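To keep things clear, I will list the structure first and then write my remarks on it.
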Amino acid sequence: MKKLIVLATLAALPAAAMADVVISGNLAVGITNTKVEGTGSITTEDRTSGEIKFAGKEDLGNGLKSIWQIASRINLSDKQDNARDNAWSGRDSFVGLQGDFGTVTLGNIYHMPTSGAMAIFEDNSATFASGIYDQGDRINSTISYKSPTVAGFTAVVQHSFGSSTAKEVNKEHQQAVSLAYEGEGFSVSYDGARAKDATNDKTSKLHELNASVSLDALTLMAGYAHGKDSDGDKRSGYGIAASYAMGNITPKIGFWKEGDAKLADGTKVNDGHKAYAVGVEYALSKRTRAGVELAKANSDDNAIADVRTATVYLGTKF
């Protein structure tokens with residue numbers, strides 16, 4: 001009888017320990033055909049989405065909570081394509097405090113949190129070849145503050161002491177700021193980031209603006225980005241995207257124009273491009289989806305090869 005009681009107690013312990021933990025995720029794999037101008041096409045199986053997340057919180061009283069999260073990038077296909085693939089805590093992973101003052105977190109945190117709002121496709125949006133749009137990234141050794149939402153406005157301020165031990169030693173700090181406003185049926189956001197480069201003791205900068213309008217089933221989006229490298233080279237780009245929900249079917253379109261680079265000495269390089277994307281997604285259920293997408297980037301310089309990708313995918317959330 002005592003053995004039964006002990007076994008029953010042990011069996012109950014994991015459930016008690018997991019009582020305040022939320023597990024969620026998103027998994028998707030696609031079959032992709034890629035063709036670079038002047039070469040034959042290649043067909044591969046690729047990760048289009050993939051994440052597993054563990055999150056929890058504890059009520060500390062007086063409206064204050066401790067929060068934590070461990071998120072990992074999951075790749076069910078090419079497991080070595082990214083150093084963070086299937087690595088523990090490779091995505092947003094942190095500890096923090098949350099209260100009426102807002103939220104403070106420390107850890108591996110995504111900088112420029114509202115960037116890439118126009119990248120609405122599962123795999124390759126029209127911005128897939130851009131070097132300045134949707135460039136937000138998860139940066140180690142970050143402290144982040146997110147304000148409470150006031151009259152529709154939310155602000156985020158972030159500082160990284162260096163994304164690696166070497167960068168911390170070299171004081172290659174990074175900062176980011178985000179300001180977003182959400183109204184009834186529309187939203188606008190700004191994201192900015194700067195990072196010190198120890199090789200030339202200068203700073204690179206990124207700026208991104210996004211806006212969206214929802215008109216019943218139709219959603220329209222516009223985006224703009226400007227980047228300046230630490231060596232002084234500059235580039236800008238802009239684009240639009242739209243989706244229209246028709247029951248379980250959602251067609252999507254996108255366009256992006258990446259301008260030519262302007263070097264620090266004033267020289268203009270003819271290396272810009274125009275890119276297009278079209279796709280259709282079908283909701284098999286509230287959690288499971290399937291779709292097909294086509295994206296193409298046409299270079300302004302005929303010496304630079306155009307690129308085309310086509311993807312069929314299946315994904316689910318939990």
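The values are calculated or read from the model by the stated rules, or taken from the named source; none is laboratory data. These numbers were taken from a predicted model, which means no experiment stands behind them. Here the Cβ positions follow ideal geometry from the backbone for every residue, glycine too, while neighbour counts run over all protein chains shown. The area values use the complete protein model at the heavy-atom level, side chains included, leaving out ligands, DNA and RNA. Shrake-Rupley method; radii C 1.70, N 1.55, O 1.52, S 1.80 Å.
Bridging of Lys286 to lysines at a Cα separation below 24 Å is possible for Lys53, Lys252, Lys317, once same-chain residues fewer than 8 apart are set aside. Which of rounded, prolate or oblate describes the range 127-241 when judged by the alpha-carbon gyration tensor and an a/c cut-off of 1.5? Oblate.
Across all directions, the average flat footprint of the convex hull enclosing the Cα atoms of the range 224-264 is 3.5 nm². Probing with 1.4 Å while keeping every protein chain in the model, the per residue accessible area of the chain equals 55 Å². Apolar share of the accessible surface for the range 170-318: 58 percent from carbon plus sulfur atoms, 1.4 Å probe. Sequence-ordered 3J(HN,Hα) estimates for the range 221-228 from the Karplus curve with 6.51, -1.76 and 1.60 and θ = phi - 60° stand at 9, 9, x, 9, 9, 9, x, 10 Hz, glycine and proline given as x.
Pick from Glu45, Glu37, Glu281: which residue has the top mean-square fluctuation in a GNM of the chain where Cα pairs under 10 Å get a spring? Evaluated over the chain, the most mobile residue of the options is Glu37.
The loop-placed chymotrypsin sites (Phe, Trp or Tyr not before Pro) in the range 53-118, going by DSSP, that have at most 14 neighbouring Cβ atoms within 10 Å of their Cβ come out as Trp88, Phe101.
Within the assembled protein chains, the solvent-accessible surface assigned to Val22 is about 90 Å², based on a 1.4 Å probe. Evaluated with a Cβ-only charge set (Lys, Arg +1; Asp, Glu -1), the chain carries a dipole of roughly 840 debye about its Cα centre, given to the nearest 20.
Helix 2-17 versus the longest principal axis of the chain: what is the Cα-based angle in degrees, 0 to 90, to the nearest 10? Approximately 30 degrees, to the nearest 10.
Counting every Cα pair in the range 260-310, what percent are over 15 Å apart? Display every interim value, and only then the final one.
Details: 791 of 1275 pairs.
Tail of P(r) above 15 Å: 62 percent of Cα pairs.
With a threshold of 24 Å on the Cα-Cα distance, the over-threshold entries among Lys167/Lys262; Lys146/Lys228; Lys57/Lys171; Lys196/Lys257; Lys196/Lys262 are Lys167/Lys262; Lys146/Lys228; Lys57/Lys171; Lys196/Lys257.
Residues Phe318, Phe128, ordered by accessible area of protein heavy atoms at a 1.4 angstrom probe radius and largest first, appear as Phe318, Phe128. Charge tally around Ala155: other residues with Cβ under 15 Å, Lys/Arg +1 each, Asp/Glu -1 each, net -1. Here Lys146 sits with roughly 110 square angstrom of accessible surface, probe radius 1.4 Å. Here the range 135-151 and the range 264-298 have alpha carbon centers that stand 26 Å from each other. Per the 1.4 Å probe, what fraction of the accessible area of the range 86-134, in percent, lies on carbon and sulfur atoms? About 55 percent, which is the carbon plus sulfur part of the accessible surface. If you wrap the Cα atoms of the chain in a convex hull and average its projected area over all directions, you get 21.9 nm². For the chain, the 222 nm mean residue ellipticity estimated from helices alone, with every DSSP H stretch of n ≥ 4 adding -39500 (n - 2.57) and the total spread over all residues, rounds to -2000 deg cm²/dmol. Calculated on the Cα set of the range 198-294, radius of gyration then Dmax: 18.3, 55 Å. Overall, the accessible surface of the range 17-60 at a probe of 1.4 angstrom is composed of carbon and sulfur to the extent of 56 percent. Positive-end ranking of Val269, Ala297, Ser187 along the dipole of the chain, with charges on Cβ about the Cα centre, is headed by Ser187.
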